[in-house]
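Undergrad: Quick one: the structure is below, and I'll ask about it shortly.
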Amino acid sequence: MRPILTVLTLLFALYAPVSTVSAKQPEEEASVHLYVNLWKKRLYLQTSTGEVLASFPIAPGAVDTPSPIGVYSVVQKSKNWGGGFGSRWLGIDVEWGTYGIHGTNRPEHIGRFVSHGCFRMRNQDIEKLYPHVRIGTPVIIDGPIMGHERLTYRILVPGSRGALVKLVQNRLKAAGYYEGKVHGRFDQPTERAVFRFQKGEGLPVTGQIRFEDLVYLGIVE
């Protein structure tokens, strides 16, 4: 029951990571993006040509609260949120919840899958990164489709959220069963689309997305 890799495949190669951010001119900084590799549990600051300007270890989401997968952008920057968010916050535009890249008051957790879906960094690391990231900076999150290497699939029910829901919505939309927004939330329009899909394809009509539905949609094998 191995998930088919459907997330973005990068078109550039990763160079050996470095530990400090290079000084760049404003026009050069405008073309940078963040690449998060969940398999390696690292975040890279890269240029559009694939040059790695910096690399930092991170703590992604735990198995019960996996991190999102896909292509997003930075929509918020803030200093000193307090609590467990450390000294800097970079919010990203994930459609189904509040997610971001932030510092932590538990640096010993860095390098482990422990967060509620956000990407934790050591405070000194995100303070280095923060000045080089602007509102609108692309964020590419690459990894297992479920956001955690131990997850193969989940049964999706009304109220479920996440990258798998978004992928199901995409497949249902392509098949003509779903006309709503692809936003990763299993809402009423999604539930109605699931009923239509299961009835139309001769599958058990449950209103939920189970393993056999994911196989039929070509999402897992």
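The values are calculated or read from the model by the stated rules, or taken from the named source; none is laboratory data. Here the structure is a predicted model, which means the values were calculated and not measured. To get the accessible areas, we keep the full protein, side chains included, count just its heavy atoms, and leave off ligands, DNA and RNA. Shrake-Rupley method; radii C 1.70, N 1.55, O 1.52, S 1.80 Å.
Undergrad: When ligands, DNA and RNA are left out and all protein chains stay put, how many square angstrom of accessible area per residue does region 56-185 have with a 1.4 Å probe?
TA: Using a 1.4 Å probe on heavy atoms only, each residue of region 56-185 averages 43 Å².
Undergrad: For region 53-113, what is the Kirkwood hydrodynamic radius in Å, using each pair of distinct C-alpha atoms?
TA: Taking the inverse mean of 1/r over all distinct Cα pairs, region 53-113 comes out at 12.6 Å.
Undergrad: Can you list the HN-Hα couplings for region 126-136, worked out from phi with the Karplus curve (6.51, -1.76, 1.60; θ = phi - 60°), rounded to whole Hz and with x for Gly and Pro?
TA: Along region 126-136, the couplings run 5, 5, 6, 6, 3, x, 9, 10, 10, 4, x Hz.
Undergrad: Can you list the HN-Hα couplings for region 188-203, worked out from phi with the Karplus curve (6.51, -1.76, 1.60; θ = phi - 60°), rounded to whole Hz and with x for Gly and Pro?
TA: With the stated coefficients, region 188-203 comes to 4, x, 5, 4, 4, 5, 5, 4, 5, 4, 5, 5, x, 9, x, 9 Hz.
Undergrad: Follow-up question, since we're still on this one. Ranked by accessible surface with a 1.4 Å probe, highest first, in what order do 125, 187 come?
TA: 187, 125
Undergrad: I would also like to ask the following. Keeping all protein chains in the complex and leaving out DNA, RNA and ligands, what accessible area do you get for residue 51 with a 1.4 Å probe, in Å² to the nearest 10?
TA: 80 Å²
Undergrad: Mind pulling the per residue volume of the convex hull built on the Cα atoms of region 70-221? Å³ is fine.
TA: Expressed per residue, the convex hull around the Cα atoms of region 70-221 is 117 Å³.
Undergrad: Here's something else I'd like to know. With all protein chains present and a 1.4 Å probe, how do 186, 113 order by accessible area, largest first?
TA: 113, 186
Undergrad: May I ask you to give the percent of accessible area on region 75-177 that is carbon plus sulfur, with a probe radius of 1.4 Å?
TA: About 48 percent, which is the carbon plus sulfur part of the accessible surface.
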